[in-house]
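The values are calculated or read from the model by the stated rules, or taken from the named source; none is laboratory data. All figures in this text were calculated on a predicted structure; none of them were measured in a lab. When we count neighbours, we look across all protein chains shown, and the Cβ atoms used for this are built from the backbone with ideal geometry, even at glycine. These area figures cover heavy atoms from the full protein model, side chains too; ligands, DNA and RNA do not enter into them. Shrake-Rupley method; radii C 1.70, N 1.55, O 1.52, S 1.80 Å.
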Amino acid sequence: MSDLTRLTAVDIAKRISDGDVSAEEVTRAHLDRIAAVDGKVHAFLHVDADGAIAAAQAVDARRARGDELGPLAGVPVAVKDVLTTKNVPTTAGSKILEGWRPPYDSTVVERLRDAGTVILGKTNMDEFAMGSSTEYSAYGPTNNPWDLGRIPGGSGGGSAAAIAAYEAPLAIGTDTGGSIRQPGAVTGTVGSKPTYGGTSRYGLIAFSSSLDTPGPCARTVLDAALLHEVMAGHDWRDSTSIPQPVPPVVEAAKRGMTGDLTGVKLGLVTEFGTGEGAEPGVLAAFNDALAALTKLGAEIVEVSAPHFQYALPAYYLIAPSECSSNLARFDGVRYGLRVGDDGNRSLEEVMSLTREAGFGPEVKRRIMLGTYALSSGYYDAYYGQAQKVRTLITQDFNQAFEQVDVLVSPTTPFVAFPFGSRTSDPYQMYLADLFTIPTNLYGGPGISVPCGLSDGLPVGFQIMAPTMADDRMYRVAAALESAVGTLTPPSLEG
Ligand code: GLN
């Protein structure tokens, strides 16, 4: 029998529903793969083998009874450790949550279970989703399956590496400034950030609540679209969830797979080409992909988005401000770690000792930046100003989408970099999200699709669409995939 870990989610689901293979066999094959390679990759913080096998057996029992199975029933999924899973450890990559077992499932996880997917475990990430390399995980970094000495992107590097290493066919990530798309780009996988409010934040440990968006990671565009459809949709428990039907992303991906983009207008943002741009190898792969899309009938139009150049500074005021407020709840009283509670210390001292020991340096930097930006006397100059820039960026997007169907760019300026090469200068790390952050500030969807290699390392192509027009980007993404194919990393065996 062929190796079950190499199959797409679509093929796995079909084989299970046809009775060629059981969900339990599929799950065991992936658990074996994790046991064989995760020592090298370290994509997982927690593997829930018992829970996964039980979920797979439940799918097999339903099939035996003749029940209708959904499109992803029996397909294994890995979940970023920032989404709560009932009774299964959830750390957000932080020491401060070590040992915490949430009493409830996040909405996204609940929907995965309802769809009959099999949750394999929780994936590694930068602490509280702050970072672009997983080097800020309190539990050690994840290694990129393409080159174990390089970063897998971040913050959701574990989810991207897990699918690139064939440990899971699907994974869930979250994207606040690029944390699904940039890891997708540097691991040669597909990463999709839905419209903000299109997927529920209930049970997502908050970093920046006005930006945080759960989304799918997969090895093909169609697999990502199927996962998108299962996890998305209105949720009354999230006040910013959009009460509208999920855009028809699966249908759009299938349409794109026919390879016809006649009449589709792709917008190239003039300002992305100036200033601190992309590496030459990244640009070369991007331009080859553009040429391939033109052959499929797409038209390329230059559009101006003059405020995109201020997106990074605005993001680094808004996101830390919201983080400083959200992370105030980690006080040593309610969850996880508590330090210095010897009966002689005041509440404030215990909180201070707990936060000092429990948070890593990048999280502390963000809390301090955010507290400063929100403090009286500075609020208008920093946070208030950043919010105005956010409005201008939204206007840029709205104007651009009057001229074109989608915007395109490289996903990230550089390919996977070696460990340690960007940790000493925070700004160098922040640049990883230069092209992804505008979309988050606007709230629209964005997807990264592999478009080729630079020096043997994957390059990602980003497609951005108007809010609640996620289907448009899936169509273009699937068309691109039909033209350039998927990428296969070197073998991890031996
Ligand atoms: N790399 C960005 C940051 O560090 C984005 C993170 C994310 O999307 N969660 O904030």
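The table that follows gives values for the structure above.
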item: Residue within the stretch 460-472 that is touching a Pro at 6+ places or on another chain (Cβ under 9 Å), touching a residue at least 60 places away in the same chain (Cβ under 8 Å) and basic (Lys, Arg) present; result: yes
item: Some residue of the stretch 137-148 being within 16 Å of the ligand (Cβ to nearest atom) and of a type in the set (Asp, Glu); result: no
item: Every pair of residues 6+ apart whose Cβ atoms lie under 6 Å, when the first sits in the stretch 365-379 and is under 17 Å from Met429 (Cβ atoms) while the second is part of a loop (DSSP other than H, G, I, E, B); result: Arg366/Met130
item: Subset of the stretch 446-460 [away from the ligand (no atom under 14 Å from the Cβ) and touching a helix residue (DSSP H, G or I) at 6+ places or on another chain (Cβ under 8 Å)]; result: Ile447, Val449, Pro450, Cys451, Gly452, Leu453, Ser454, Asp455, Leu457, Pro458, Val459, Gly460
item: Thr354 vs. criteria in contact with a helix residue (DSSP H, G or I) (Cβ under 8 Å, 6 or more places away or on another chain), over 29 Å from Ala400 (Cα atoms), open to solvent by 40 Å² or more (accessible area, probe 1.4 Å) and not hydrophobic (A, V, I, L, M, F, W, C); result: no
item: Number of the condition not met by Thr436 [criteria: (1) farther than 23 Å from Val190 by Cα; (2) within 12 Å of the ligand (Cβ to nearest atom)]; result: (1)
item: Residue among Ser179, Ser210, Ser159 that alone is crowded, with 24+ Cβ neighbours inside 10 Å, within 14 Å of the ligand (Cβ to nearest atom) and more than 22 Å from Tyr104 (Cβ to Cβ); result: Ser179
item: Close pairs (7 angstrom Cβ cut-off, 6 or more residues apart or separate chains): of a type in the set (Phe, Trp, Tyr) in the stretch 157-177, modelled with pLDDT of 95 or more and away from the ligand (no atom under 15 Å from the Cβ) anywhere; result: Tyr166/Thr5; Tyr166/Arg6; Tyr166/Arg33
item: Hey, Arg33 open to solvent by 60 Å² or more (accessible area, probe 1.4 Å) and not in a loop (DSSP other than H, G, I, E, B) or not; result: no
item: Odd one out for Gly116 among (1) more than 13 Å from the ligand (Cβ to nearest atom); (2) under 13 Å from the mean Cα position of the chain (by Cα); result: (2)
item: Residues being open to solvent by less than 40 Å² (accessible area, probe 1.4 Å) and either over 21 Å from Val250 (Cα atoms) or modelled with pLDDT under 95 (or both) - total across the stretch 61-78; result: 2
item: Residue among Gly343, Gly336, Gly297, Gly332 that alone is in contact with a Phe, Trp or Tyr (Cβ under 9 Å, 6 or more places away or on another chain), among the small types (Gly, Ala, Ser) and at positive phi; result: Gly336
item: Given (1) β-branched (Val, Ile, Thr); (2) in a loop (DSSP other than H, G, I, E, B); (3) open to solvent by 10 Å² or more (accessible area, probe 1.4 Å), index of the condition Thr142 fails; result: (3)
item: Of all residues making up the stretch 189-204, the number that are more than 11 Å from the ligand (Cβ to nearest atom) and open to solvent by less than 20 Å² (accessible area, probe 1.4 Å); result: 10
item: Whichever residue in the stretch 14-24 is in a helix (DSSP H, G or I) and farther than 11 Å from Pro76 by Cα and, among such residues, is least open to solvent (accessible area, probe 1.4 Å); result: Ile16
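Listed here are the residues, each with its yes/no results for (1) assigned to a helix (DSSP H, G or I); (2) open to solvent by less than 40 Å² (accessible area, probe 1.4 Å); (3) under 26 Å from Gly259 (Cα atoms).
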site: Lys388; (1), (2), (3): yes, no, no
site: Thr391; (1), (2), (3): yes, no, no
site: Phe397; (1), (2), (3): yes, yes, no
site: Val415; (1), (2), (3): no, yes, no
site: Asn440; (1), (2), (3): yes, yes, no
site: Ser448; (1), (2), (3): no, yes, yes
site: Glu481; (1), (2), (3): yes, yes, yes
